[in-house]
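Worksheet for the structure shown next.
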Amino acid sequence: MRFEKYNIARQIVQNLENNGYFRTTDIQFKTIPAIMNDEDVLAIAQTGTGKTAAFAIPIISRIHDQNEKTRSKGIKCLVLVPTRELAQQIGKVFSQLSVNTEATNYSIYGGIDKDPQIAQLAGGVDILVATPGRMFDLIRNGHIDIGAVRTLVLDEADKMMALGFLGDIISVKRKLISKHQTLFFSATINKEIKSTAYDLIRSNALRIQVSPEEFVSKNVTHYIVNVPMDDKRHLLVNVIKRNPDSKMIVFVRTQVRAERVIAHLTKQELTAVGLHGGLHQDDRDKNLERFRSEQNIVLVATDLSARGIDLPGITHVINYDVPDIAENYVHRIGRTGRGFAKGDAYSFVSPEEKEKLAAVEEFIQTKITEMRFDLTIPVATEKEIEKMDIAEMLAFEESQYTPRRKK
């Protein structure tokens, strides 16, 4: 369905077109009318299906219409998210879609100076996107009043609950006016969290699950590669060199492993940047900007810091480590194959990770196809081979037929 068919302001329709939105996705088609009708919504849909726009469009439209008639003070919509990067990303979508409207938005999160955020909030804002920690800090110090909030959005809500934010969410709801709208959005949800989610929304809430039988988008082709743990770094170099024009995210288990992988890639004269909780926010922002703007650069990330981030043009996702939590597999490989684009995802599986792989396959209800990669080291691109002299060429050819380890 085309957006102009909805009863939304022409400015919003124009903003949608300017940002490449022309027709609704399934989740947008099913949720926008209900949200505009002030219904509670619990929506579960695959990553890359346009969930942010699904709630941003009707929220901006409603606030724009209200403010055109009479502008009232106070935050009207609160969007809670688990990570700083997701707060930035959702804030960007709200900003893009609210150009030339009467709806204002702002994002707050930890890791940076509070004072600029406090100054911005003092001027008033209609839509506040926030991480729980920074928001409660500013509430305690009297810089935020959420008493006028009419719509509460919980994005990546399952992750917030898993991280122990349920008490904070309940505390927020108690501070809101009695008749408020709650929108619960996520890509995955287990039975325990679903039961809790039902307690947070009205009994007559619209419950939507898009393609529930398919946890992984059809746009993503995903494989496992069985490889010894010590050989993963070599396999990663092979994959990168064999896909020189790719835009690649590599997921690892810990911050320490992220830095080790980056160091190895740098040693192989490959450019890589990190995204994990051990980096200062300024460094995380700089690394993300480099990854977005530069060619031939790899992003090495942990699960928490990369959850929900939309990075355009991702062609490959590499699970360097099989995730400890099975559902994180869905979020990881959902970074590629977004919208109408296609993507590939490889999981490097060592013998000691077989149980984790089994948990992933049980969660997604799919047996993942195995792919065989040549582990011979080193791998050279055609351009590198062309530059070799005779001695280098002979050494390279010999290396392709010599086992890397002697038995």
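The values are calculated or read from the model by the stated rules, or taken from the named source; none is laboratory data. Bear in mind that the values here come from a model prediction, so they are computed numbers and not experimental data. Methodologically, a virtual Cβ is constructed for each residue, glycine included, from the backbone with ideal geometry; neighbour enumeration extends over all protein chains shown.
Tabulated data
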read-out: Residues located in region 341-365, provided they are aliphatic (A, V, I, L, M), outside any helix (DSSP H, G or I) and surrounded by 19 or more Cβ atoms within 10 Å (Cβ to Cβ); value: ALA345, VAL349
read-out: Which numbered condition GLY278 fails, given (1) surrounded by fewer than 21 Cβ atoms within 10 Å (Cβ to Cβ); (2) within 22 Å of ILE224 (Cα to Cα); value: (2)
read-out: Given (1) more than 16 Å from ASP155 (Cβ to Cβ); (2) touching a residue at least 12 places away in the same chain (Cβ under 8 Å); (3) of a type in the set (A, V, I, L, M), number of the condition VAL13 does not satisfy; value: (2)
read-out: Cβ pairs under 6 Å, 6+ apart, first in region 265-276 and over 21 Å from GLU85 (Cβ atoms), second crowded, with 16+ Cβ neighbours inside 10 Å; value: LEU265/ALA272; GLN268/VAL237; LEU270/ILE240
read-out: Given (1) out of contact with any helix residue (DSSP H, G or I) (no Cβ under 6 Å at 6 or more places or on another chain); (2) under 24 Å from MET161 (Cα atoms); (3) surrounded by fewer than 23 Cβ atoms within 10 Å (Cβ to Cβ), index of the condition LYS76 fails; value: (1)
read-out: Strands (runs of 3 or more DSSP E) completely within region 177-275 that count 2 or more residues being buried (at least 20 other Cβ atoms within 10 Å of the Cβ); value: 181-186, 220-226, 248-251, 271-275
read-out: Filter result for ILE144 (in the same structural domain as PHE55 (by TED's automatic domain parsing) and surrounded by fewer than 21 Cβ atoms within 10 Å (Cβ to Cβ)); value: no
read-out: Residue among ALA122, ALA103 that alone is assigned by TED's automatic domain parsing to the domain that holds GLN181 and either under 24 Å from the mean Cα position of the chain (by Cα) or farther than 21 Å from ILE177 by Cβ (or both); value: ALA122
read-out: The listed residue being touching a Leu at 6+ places or on another chain (Cβ under 7 Å), under 24 Å from ASP245 (Cα atoms) and crowded, with 17+ Cβ neighbours inside 10 Å, out of ILE318, ILE314, ILE333; value: ILE318
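Every residue, every condition in (1) within 18 Å of ARG84 (Cβ to Cβ); (2) not aliphatic (A, V, I, L, M), yes or no:
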residue: ARG284; (1), (2): yes, yes
residue: GLU289; (1), (2): yes, yes
residue: VAL298; (1), (2): no, no
residue: ALA301; (1), (2): yes, no
residue: THR315; (1), (2): no, yes
residue: GLY337; (1), (2): no, yes
residue: GLU352; (1), (2): no, yes
residue: VAL360; (1), (2): no, no
residue: ILE364; (1), (2): no, no
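Yes/no per residue for (1) acidic (Asp, Glu); (2) modelled with pLDDT under 90; (3) assigned by TED's automatic domain parsing to the domain that holds GLN281; (4) crowded, with 22+ Cβ neighbours inside 10 Å:
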residue	(1), (2), (3), (4)
LEU86	no, yes, no, yes
ILE90	no, no, no, yes
GLY111	no, yes, no, no
LEU128	no, no, no, yes
